[in-house]
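The block underneath contains the structure these notes are about, expressed in structure tokens.
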Protein chains: 2
Amino acid sequence: MNEQIRNSLEIHDYLNQQKQVVDSYLDDFLPSASEYPEIIHEAMRYSLLAGGKRLRPILALATTDALDGDFHRAIFLACALEMIHTYSLIHDDLPAMDNDDYRRGQLTCHKKFGEGIAILAGNALLTQAFQLLAEIPGDESLAPTKIRTIHHICRAIGSRKGVIAGQVVDLITQGKQFTRKELEYIHSAKTGALIEASVYTAAILAGADRDTRQRLRNFGSTIGLAFQIVDDVLDVTGSPEELGKASGKDTAGHKATYPRLYGLERSREIANELVEAAIQELSFLGDKSEKLKELAQFISIRRF
Amino acid sequence: MNEQIRNSLEIHDYLNQQKQVVDSYLDDFLPSASEYPEIIHEAMRYSLLAGGKRLRPILALATTDALDGDFHRAIFLACALEMIHTYSLIHDDLPAMDNDDYRRGQLTCHKKFGEGIAILAGNALLTQAFQLLAEIPGDESLAPTKIRTIHHICRAIGSRKGVIAGQVVDLITQGKQFTRKELEYIHSAKTGALIEASVYTAAILAGADRDTRQRLRNFGSTIGLAFQIVDDVLDVTGSPEELGKASGKDTAGHKATYPRLYGLERSREIANELVEAAIQELSFLGDKSEKLKELAQFISIRRF
């Protein structure tokens, strides 16, 4: 077995095991499907527990581990990040946005529950995420750290360079000519900002110093961009079965993507270069950075 | 001039003056309309600065005043509450929800900017509200209070008895027979919870003791219910010009309302009784409660 295959098997084992941890806490943190009004909790659970790589929570947990942070605090943050990610997917899939029928291998939330409930389920996941952040366990001395975490997440998902900003530019450039600057903005805001925040807020919560936080932030923003480039590539090369959602949609919808601007081959190269650069950022962590490095490598080799 | 008319003029003067204060801070706290991506900030400003009574922020400021709390902190909370209220209105007006064309005397957000941007503008206002709560000025010793404030707001607007829960039950009972219990649930969750939270979180932020918080919470929940009953009555008796939105919609849509269950006359009586009961709750505040009492009275005499 060559080294690349062994590494690939190891990272998939690690991802699967971490995904199970995250899924079990997500299940705990969500209202039960029998709680009134049932349909909203069914819809939240349907979309959140459907699967997904759990990349953002796993990145937050790996960062916590690398910094010897507290798992029992970090898991609240990790689950909040996944709730926020799922909220953005539910809204992104709506007819007024990307109009997608499948996500994570099943019908999208609005196809299953109707648009009204889908909008509210997204809102409820966002709200539940903030509640979870407010509930991070710890005595009152942790409160300033919790406030900083909440504040950074608001910026990462807001209308100024955050997830919402990325969704807006994605929406208004659909079917139009777009510039390289717009493409980079969409990727950095819509996907990069929350991936970066997953690493950065875990560092805040673990009590990392300014320098450490900044290096991890660079790592996060670099792998965030690599992740989105690979996503664009997979939209061209992947099958719906592998992706759990429609493929070829970006090309059909004339969306801003890397392959459209740079071609497939060069896009793959750029993603690999970014992952290498991101890993360089972690050298200060020594052995502690192993899982984060593997996660970065997974981003460039992933097929889903 | 009889006493009732004089009181009515006084409360309108007070409301107008407070509304100007709130509007000026909302303007400051929102991203400028020239900030990229412009359309989302235009949409947020369009819906938030369109007008509206500003009842929730004014209740928060009056509560702060009654408890000798700090205005410069409370105004952050007050503006966050109005952003949250506006987010819920924008989403409520969408075709998949209430499908309204007019709100606050102008086209609804989705009629003006399209559904995609309206969904995102609502999301952005909710996110900006949490950011504002995290930015309440004060040293680190205020952080536990800010966390409690954020936590309570999450509960008040969430999927379990909060605003979202109320929207869900409102949505699923449209055009159907509904029970008195469902009607009360919708009113208490969709409208009551945020009005109650406006008073209660202002009390938290002002550092009020447990007993004071509880009395103010009772006051808030009682006027919240009265407010919604008057809203139902005005939907029957008011004109679109007075209301700034379509009237008669609840009846046409067979929505759960008080007049449908109790008739107009008895609904008005119930609202008046609730306002009187709410005012009784405030006796412990003595003279300090004057503005809160006037706000409660305004709720029963309002025509818009």
Checklist outcome for this item: Of (1) surrounded by 23 or more Cβ atoms within 10 Å (Cβ to Cβ); (2) hydroxyl-bearing (Ser, Thr, Tyr); (3) modelled with pLDDT under 90, A:Ser239 fails just (1)
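Look at A:Ala203 and say whether it is crowded, with 24+ Cβ neighbours inside 10 Å, more than 14 Å from the chain's Cα centre (by Cα), within 12 Å of chain B (Cβ to nearest Cβ) and over 23 Å from A:Ile301 (Cα atoms). Walk me through how you get there before you give the answer.
Details: crowded, with 24+ Cβ neighbours inside 10 Å: yes; more than 14 Å from the chain's Cα centre (by Cα): yes; within 12 Å of chain B (Cβ to nearest Cβ): no; over 23 Å from A:Ile301 (Cα atoms): yes.
Taking the combined requirement at face value, the residue does not satisfy it.
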Checklist outcome for this item: Per the filter on the range A:143-175, residues more than 9 Å from chain B (Cβ to nearest Cβ), over 30 Å from B:Thr149 (Cβ atoms) and either in contact with a helix residue (DSSP H, G or I) (Cβ under 9 Å, 6 or more places away or on another chain) or free of Cβ contacts under 8 Å to residues at least 24 places away in the same chain (or both) are A:Asp170, A:Thr173
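Filter the range A:176-192 down to the residues that are more than 12 Å from chain B (Cβ to nearest Cβ) and not in a loop (DSSP other than H, G, I, E, B) and list them by number.
Matches in the range A:176-192: A:Arg180, A:Leu183, A:Glu184, A:His187, A:Ser188, A:Thr191, A:Gly192.
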Next on the checklist: Going by what's in this entry, would A:Ala50 be described as free of Cβ contacts under 8 Å to residues at least 60 places away in the same chain, away from every other protein chain (no Cβ under 13 Å) and either in contact with a strand residue (DSSP E or B) (Cβ under 9 Å, 6 or more places away or on another chain) or farther than 25 Å from A:Leu216 by Cα (or both)?
Outcome noted: yes
Next on the checklist: among the charged types (D, E, K, R) and closer than 22 Å to B:Gly116 by Cα: is that true of A:Asp101 in this structure?
Outcome noted: yes
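Going through the range A:125-142 one residue at a time, which ones are touching a residue at least 40 places away in the same chain (Cβ under 8 Å) and under 21 Å from the mean Cα position of the chain (by Cα)?
A:Leu125, A:Leu126, A:Gln128, A:Ala129, A:Phe130, A:Leu132, A:Leu133, A:Ile136
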Item to check | Output for the range A:152-207, where each listed residue is within 16 Å of A:Asp231 (Cα to Cα) and small (Gly, Ala, Ser) | outcome: A:Gly166, A:Ser188, A:Ala189, A:Gly192, A:Ala193
Checklist entry - Among the residues of the range A:105-130, which ones are within 8 Å of chain B (Cβ to nearest Cβ) and surrounded by fewer than 22 Cβ atoms within 10 Å (Cβ to Cβ)? => result A:Gly114, A:Glu115
Checklist outcome for this item: Residues in the range A:67-95 that are more than 14 Å from chain B (Cβ to nearest Cβ) and touching an Asp or Glu at 6+ places or on another chain (Cβ under 6 Å) total 0
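Table: residues versus (1) within 24 Å of A:Ile157 (Cα to Cα); (2) touching a helix residue (DSSP H, G or I) at 6+ places or on another chain (Cβ under 9 Å); (3) within 14 Å of chain B (Cβ to nearest Cβ); (4) modelled with pLDDT under 95.
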| residue | (1), (2), (3), (4) |
| --- | --- |
| A:Ile5 | no, no, no, yes |
| A:Glu42 | no, yes, yes, no |
| A:Tyr46 | yes, yes, yes, no |
| A:Leu59 | yes, yes, no, no |
| A:Asp65 | no, yes, no, no |
Checklist outcome for this item: Here the residues within the range A:150-177 that are of a type in the set (Ser, Thr, Tyr) and crowded, with 24+ Cβ neighbours inside 10 Å are A:Ser159
Next on the checklist: As an exercise: evaluate A:Leu107 against (1) closer than 24 Å to A:Lys293 by Cα; (2) of a type outside the set (Val, Ile, Thr); (3) touching an Asp or Glu at 6+ places or on another chain (Cβ under 8 Å); (4) at pLDDT 95 or above and give the number of the one condition it does not meet.
Outcome noted: (1)
Item to check | Breaking point among (1) surrounded by fewer than 24 Cβ atoms within 10 Å (Cβ to Cβ); (2) among the charged types (D, E, K, R); (3) away from chain B (no Cβ under 13 Å), for A:Asp98 | outcome: (3)
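Residues checked against (1) of a type in the set (Asp, Glu); (2) in contact with a Lys or Arg (Cβ under 7 Å, 6 or more places away or on another chain); (3) over 27 Å from A:Asp139 (Cα atoms):
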| site | (1), (2), (3) |
| --- | --- |
| B:Cys109 | no, no, yes |
| B:Lys112 | no, no, yes |
| B:Gly122 | no, no, yes |
| B:Gln128 | no, no, no |
| B:Leu133 | no, yes, no |
| B:Pro137 | no, yes, no |
Item to check | Any chance A:Ala246 is aliphatic (A, V, I, L, M) and in contact with a strand residue (DSSP E or B) (Cβ under 8 Å, 6 or more places away or on another chain) | outcome: yes
Checklist entry - Hey, does the range B:144-165 have a residue that's modelled with pLDDT under 95 and in contact with an Asp or Glu (Cβ under 6 Å, 6 or more places away or on another chain)? => result no
Checklist entry - Just to be sure, is A:Ala197 modelled with pLDDT of 95 or more and either surrounded by fewer than 21 Cβ atoms within 10 Å (Cβ to Cβ) or part of a helix (DSSP H, G or I) (or both)? => result yes
Checklist entry - In the range A:28-83, which residue that is closer than 26 Å to A:His12 by Cβ and of a type in the set (Lys, Arg) is nearest to the chain's Cα centre (by Cα)? => result A:Arg56
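Is it the case, given these coordinates, that B:Pro37 is over 20 Å from B:Leu194 (Cα atoms) and either touching a residue at least 24 places away in the same chain (Cβ under 8 Å) or crowded, with 19+ Cβ neighbours inside 10 Å (or both)?
Working: over 20 Å from B:Leu194 (Cα atoms): yes; either touching a residue at least 24 places away in the same chain (Cβ under 8 Å) or crowded, with 19+ Cβ neighbours inside 10 Å (or both): yes.
So B:Pro37 passes the test.
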Next on the checklist: Looking only at the range B:133-142, filter to residues that are surrounded by fewer than 24 Cβ atoms within 10 Å (Cβ to Cβ) and part of a helix (DSSP H, G or I); which one of those is nearest to the other protein chains (Cβ to nearest Cβ)?
Outcome noted: B:Glu140
Next on the checklist: Among the residues of the range A:236-249, are any over 30 Å from A:Glu290 (Cβ atoms), touching a residue at least 60 places away in the same chain (Cβ under 8 Å), within 14 Å of another protein chain (Cβ to nearest Cβ) and in a helix (DSSP H, G or I)?
Outcome noted: no
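The values are calculated or read from the model by the stated rules, or taken from the named source; none is laboratory data. Because the structure is a prediction, the values reported are computed rather than measured. Don't worry about glycine lacking a Cβ; one is built from the backbone with ideal geometry, like all the others, and counts go over all protein chains shown.
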